[in-house]
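Below you'll find the structure, written out as structure tokens, and then a few comments.
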Amino acid sequence: MRHLYLIGNMGSGKSTVGAHLAQLLGMPFVDLDTWIEQSTGTTIAALFEREGEPAFRERERVALQQVAQLPPHVVATGGGVVLNPANWAVMRRTGWIVYLRAEPETLWQRIQAPTDRPLLHTENPRDTLRAIAAAREPLYQQADWIVPTDNRTPDEVAEAVKRVYAPTPEQPLTVEVLPAQPHSYPVLIAPNLHTYAAERIAERVRPTCVALLTHTRLLCWAAPLRDALQTLGIPTQLITVPSGERVKSLRTAQRLYTHLLDAGIDRTGALVVVGGGVLGDLGGYVAATYMRGIPYVQIPTTLLAQVDSSVGGKVAVDLPRGKNLVGAFHQPALVLIDPTLLSTLPARHWHNGFAEMLKYGAALHEGLWNRLQVMLEQGALRRRVERNNPHAWTLPIAQCVRLKAHVVAEDERDLSGRRALLNFGHTVGHAIETALSYRHWLHGEAIAVGMIVEAELGQILGITPAPVVNALREAIARAGLPTRLPQEVSIETLLEAMRYDKKRAGDTPRVVLLEALGTARLVSNIPLNALREALKRCVPSEPSVGCS
Ligand SMILES: NC(=O)c1ccc[n+]([C@@H]2O[C@H](COP(=O)([O-])OP(=O)(O)OC[C@H]3O[C@@H](n4cnc5c(N)ncnc54)[C@H](O)[C@@H]3O)[C@@H](O)[C@H]2O)c1
């Protein structure tokens, strides 16, 4: 069941926009306050007056549960629906939650009759509204998506929400990355977007010719794109490389430069990458360095690449001593994310990508974390039919992209420590990958255990509460990801591998630690004995302590 729940303060336009939206989407509309008024035969103001706020909130909770059982509706909720965690659980289980956001001054101007609003029956209703808005803002921020409504008409807001709830190749969900910069670029997200990819590339990048980098197994997606580009008059050369982390090397990069020269690519051309994170990192690195930089387009084909590596412009190849040790910051010109491309992705790679999604939730956004728990409960990863439902994945993928875009805008070059938060689980995860020579374990699997070790470390250092460590461990296990270090790797080998971590400050590693679910910080001067102890807790032969 997929309702569209609109949340927001009084005056945010939930009822007006909701009615427009219902028409646009051809869905029925229900206003929760009207539902309560009709079922009680009295006004909300009178209910508040007669029974007080707690009794009203209980009626609201019951009404929400009733509405949740209807077939999909656009639901305008009351402003205070977010105060009860039980309401969040119902809304998450049965639909998407969109926050219509407005500045307090806009809210005030929109509220024509404050006397109809029981909460504003105070001496200074304007100040009361501002205080309520400030207090509820952190709750509203937990929505699946936020649509700003200041200076927009209800029609415009309804169109914006439609793109969130039902994006199409013609009207995709769009996230602008680095919006204030000359090298800003859009990430377009929609099921079946691949059918429009050639037009989008032509419009945005206007390349004179294209080199299209992919794997042989992805020709089912890449070959039609090549044909479509050629039809638009853009000469396009397909280049295929084998799969696997090992191609993320200087050797392959050198081979690709030769291919680009052979294909006649210069700075008026573009490199289009149809592939996962390996190809995105490799292709991006080649695009950053070939002829001092050419434009490139990411069309990510793994969950991991869609939620993470295709956005943000970190491009790199590995050295035998460690991952991503040679690289650059080179932002793509365009990113096209189509969850339909994941229909051919093997199950193990779904779990792998989900690890990065859990990372976003754990480190940056409690609302996303809770959304991912609901997805796990509902079998989103377990059942093939659920995995192959692009509509179920579009918004959670877009949430990750939005979070990444925020962080990248704040700290494009990873200087302030803000971007480092995306590396929760990665200090240990990268060490595992290096110790295993990038074989046997996938990136997300290594990150999964890395997150648990780093949560244990946080607990040892008194930063991460024990329930957070447990919740993380349970979620990772439920997502079918490893929770213990690989058998064949010793703790000393992992500590040695961490010596080359790029986040190091001097002799000791810096590690991202969780303060709560959704809140993390980068901590320097990590004592080696604490790190050793955290690793010990996740060794497979000691099942009684820590990770299970
Ligand atoms: N640049 C960044 O910000 C960043 C962030 C996270 C991870 N990474 C990097 O990403 C890499 C891992 O990426 P990955 O997990 O996507 O691995 P990957 O690119 O190797 O792809 C995984 C496998 O799936 C196959 N595949 C890809 N798409 C498919 C599809 N749609 N259908 C069928 N098969 C498909 C590939 O051929 C490959 O065998 C690592 O090198 C990691 O360091 C980079």
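The values are calculated or read from the model by the stated rules, or taken from the named source; none is laboratory data. It should be emphasised that the depicted structure is a prediction, and the values quoted were computed from it without experimental measurement. Positions of Cβ are backbone-derived with ideal geometry, glycine not excepted, and every protein chain shown enters the neighbour counts. We work out accessible area using only protein heavy atoms, side chains counted, and drop any ligands, DNA or RNA first. Shrake-Rupley method; radii C 1.70, N 1.55, O 1.52, S 1.80 Å.
Taking the criterion of being within 13 Å of the ligand (Cβ to nearest atom), closer than 24 Å to T434 by Cα and buried (at least 24 other Cβ atoms within 10 Å of the Cβ), would at least one residue in region 236-246 satisfy it?
For region 236-246, residues within 13 Å of the ligand (Cβ to nearest atom), closer than 24 Å to T434 by Cα and buried (at least 24 other Cβ atoms within 10 Å of the Cβ): absent.
Sort out which residues of region 339-385 are in contact with a Lys or Arg (Cβ under 6 Å, 6 or more places away or on another chain) and either of a type in the set (A, V, I, L, M) or in the same structural domain as R402 (by TED's automatic domain parsing) (or both), and write them in order of number.
If the condition is that a residue be in contact with a Lys or Arg (Cβ under 6 Å, 6 or more places away or on another chain) and either of a type in the set (A, V, I, L, M) or in the same structural domain as R402 (by TED's automatic domain parsing) (or both), then V374, L376 are the ones that fit.
Kindly list, by first and then second residue, each pair from a residue in region 439-468 that is farther than 21 Å from P509 by Cα to a residue that is among the basic types (K, R) and at pLDDT 95 or above, limited to pairs with Cβ atoms under 7 Å and residues at least 6 apart or on different chains.
Taking only residues 6 or more apart or on different chains, the pairs are L442/R348.
Out of all the residues in region 195-211, which are within 26 Å of the chain's Cα centre (by Cα) and crowded, with 22+ Cβ neighbours inside 10 Å?
A197, A198, I201
Which numbered condition trips up Q254, out of (1) within 15 Å of the ligand (Cβ to nearest atom); (2) surrounded by fewer than 24 Cβ atoms within 10 Å (Cβ to Cβ)?
(1)
For every residue, the table says whether it meets (1) among the hydrophobic types (A, V, I, L, M, F, W, C); (2) within 13 Å of the ligand (Cβ to nearest atom); (3) touching a Ser or Thr at 6+ places or on another chain (Cβ under 9 Å); (4) at pLDDT below 95.
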position	(1), (2), (3), (4)
P320	no, no, yes, yes
L345	yes, yes, yes, no
Y360	no, yes, no, no
R371	no, no, no, no
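Looking at region 87-100, can you tell me whether even one residue there is hydroxyl-bearing (S, T, Y) and either surrounded by fewer than 16 Cβ atoms within 10 Å (Cβ to Cβ) or not assigned by TED's automatic domain parsing to the domain that holds R152 (or both)?
No: region 87-100 contains no residue that is hydroxyl-bearing (S, T, Y) and either surrounded by fewer than 16 Cβ atoms within 10 Å (Cβ to Cβ) or not assigned by TED's automatic domain parsing to the domain that holds R152 (or both).
Could you grab the pairs with beta carbons closer than 6 Å, sequence gap of 6+ or different chains, first residue in region 275-296 and within 8 Å of the ligand (Cβ to nearest atom), second one among the polar types (S, T, N, Q)?
G275/T214; G275/T301; G276/T301; G276/T302; G277/S309; G280/Q298; G280/S309; G280/S310
So K404 passes all but one of these: (1) surrounded by fewer than 24 Cβ atoms within 10 Å (Cβ to Cβ); (2) within 15 Å of V177 (Cβ to Cβ). Which condition number does it fail?
(1)
Return the pairs, sorted by first residue and then second, in which the second residue is within 16 Å of the ligand (Cβ to nearest atom) and open to solvent by 20 Å² or more (accessible area, probe 1.4 Å), the first residue lies in region 196-219 and is on the phi > 0 side of the Ramachandran plot and outside any helix (DSSP H, G or I), the beta carbons are less than 8 Å apart, and the residues are 6+ apart or on different chains.
No pair meets every condition.
Could you please find all residues in region 415-438 being without any contact (Cβ under 8 Å) to a residue 12 or more places away in the chain and either within 14 Å of the ligand (Cβ to nearest atom) or touching a strand residue (DSSP E or B) at 6+ places or on another chain (Cβ under 7 Å) (or both)?
S437
Could you tell me whether I452 is in a helix (DSSP H, G or I), within 16 Å of the ligand (Cβ to nearest atom) and buried (at least 22 other Cβ atoms within 10 Å of the Cβ)?
Criteria not met by I452.
So which pairs qualify, if the first residue must be in region 228-251 and of a type in the set (S, T, N, Q), the second must be assigned to a helix (DSSP H, G or I) and open to solvent by less than 20 Å² (accessible area, probe 1.4 Å), the Cβ gap must be under 6 Å, and the two must be at least 6 apart or on different chains?
Filtered contacts from region 228-251: T236/L229.
Would you confirm, using the coordinates I've provided, whether H73 is touching a helix residue (DSSP H, G or I) at 6+ places or on another chain (Cβ under 8 Å) and without any contact (Cβ under 8 Å) to a residue 12 or more places away in the chain? It would help to see each step written out before you state the result.
Details: touching a helix residue (DSSP H, G or I) at 6+ places or on another chain (Cβ under 8 Å): yes; without any contact (Cβ under 8 Å) to a residue 12 or more places away in the chain: no.
Taking the combined requirement at face value, the residue does not satisfy it.
With Q38, Q112 as the choices, which residue is in the same structural domain as E156 (by TED's automatic domain parsing) and part of a loop (DSSP other than H, G, I, E, B)?
After applying the criteria, what remains is Q112.
May I ask you to list the residues in region 153-193 that are touching a residue at least 60 places away in the same chain (Cβ under 8 Å), surrounded by fewer than 22 Cβ atoms within 10 Å (Cβ to Cβ) and assigned to a helix (DSSP H, G or I)?
P154, D155, E159, K162, V164
When you check K536 against the structure, is it at pLDDT 90 or above and open to solvent by 40 Å² or more (accessible area, probe 1.4 Å), yes or no?
So K536 passes the test.
Looking at (1) within 12 Å of the chain's Cα centre (by Cα); (2) over 25 Å from R418 (Cβ atoms), which is the only condition A398 fails?
(2)
For the list (1) within 17 Å of the chain's Cα centre (by Cα); (2) open to solvent by 10 Å² or more (accessible area, probe 1.4 Å); (3) over 30 Å from E137 (Cβ atoms), I need the number of the one condition that W350 fails.
(2)
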